[in-house]
1. Students often get this wrong, so check it: of 114/157; 148/171; 92/157; 211/242; 171/209, which have C-alpha atoms separated by over 18 Å?
2. At R0 = 30 Å, how high is the FRET efficiency between residue 167 and residue 210 if r is their beta carbon distance? Nearest 0.05 is fine.
3. Quick one: which of 278-284, 165-171 comes out on top by average Cβ neighbours within 10 Å, and what's the full order, highest first?
Amino acid sequence: MVARKVALGSNDASETMENQCSDRVKQEIGLEHLRDIKVLYGELVSIMKQLERPLVLQTFQRIEDSRTKKRLMRPETLGHSVWGKLHEFTHKHIVKAVEFSPDSNHLLTGSNEKILRIFDLQRPDAEPTCITGHEGSIRYVSWLRDRKQFITAAEDKTVRIWDAANATEIKRLQFDSIALGMDISHDGTTMVIASGNTVSFWDSQSFEKQKSFEVPTPVYSACLHNSKDFFVAGGEDFKLYKFSYADGSELESYKGHFGPVHCVRFSPDGEIYASGSEDGTLRLWQTTVGKTYGLWKWEDPTEDGTKEDEKLSSMAESSSPQVVNAQA
């Protein structure tokens, strides 16, 4: 049996992580503040109550089973921390965009103050580097892969590329409408920008436009598939669209949300994509409708004598998304 982890968050940092398993014996650690933590064959199973301090990876690297002399927790099993507030960075206005640097040593934020801030997580009490230049509220920030540069988008209808080392602007892209959505391709080479009724694609090294396509609705978010064969987009008309990356032709569209779609993203393996909407739900959609994957189980209706029209109806029903209610 393979145990599955489920992460749970709460305001009091309690009930942080559970492992679902039925046929293995749980081991309990009884060392000081770790007495309420259970592990199972080297994997964290559960934390019974609120902890006085966050648990870090190094804590478990020093714990050994007294009989086997084996570590109860492998370094690759546990993330660098279990739920618990580590730091708090106060801003004077609403923060709409945050992102960790690729090496996790810095945090980049953008707010309605029109100020970018870079916090050094190795020195959390130090003053952040503050960068000005945008003339509107900042809606999006993202590090480029080498951590030497980052990109931002704001309500001043610009997308800007910055040098992280000296906090200076390298290049500015001017749009006719606010860039409401941005993303970086899986391989880090292409920037995807959703603005007005247009989705445009830009080289992340030269910052030159590669191509752009008009879409049927004001678009709020777009994401390019790992294969670069197609991209998905969502926006004002509640629908999810899949377009060809070669020529921008519409390949598929689905209407399941009851409000504008503000975010779409592919999973790391590209098999599904998620959409978030004003209707308070997150929906998961199959990239290839009818393929057995995760919660989707596909059986060939023709094997039990099902008629062809019933088969087509069954395939249409399989395109319905898995829904997560974010308001519950």
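Just so it is clear, none of the values below were taken in a lab; they were calculated from the coordinates. Model, not experiment: these values are computed from the prediction. Note that each Cβ is placed from the backbone with ideal geometry, even for glycine, and that neighbours are counted across all protein chains shown.
1. In this structure, 92/157 lie more than 18 Å apart at Cα.
2. According to the calculation, E is roughly 0.60.
3. Packing order, densest peptide first, comes out as 278-284, 165-171.
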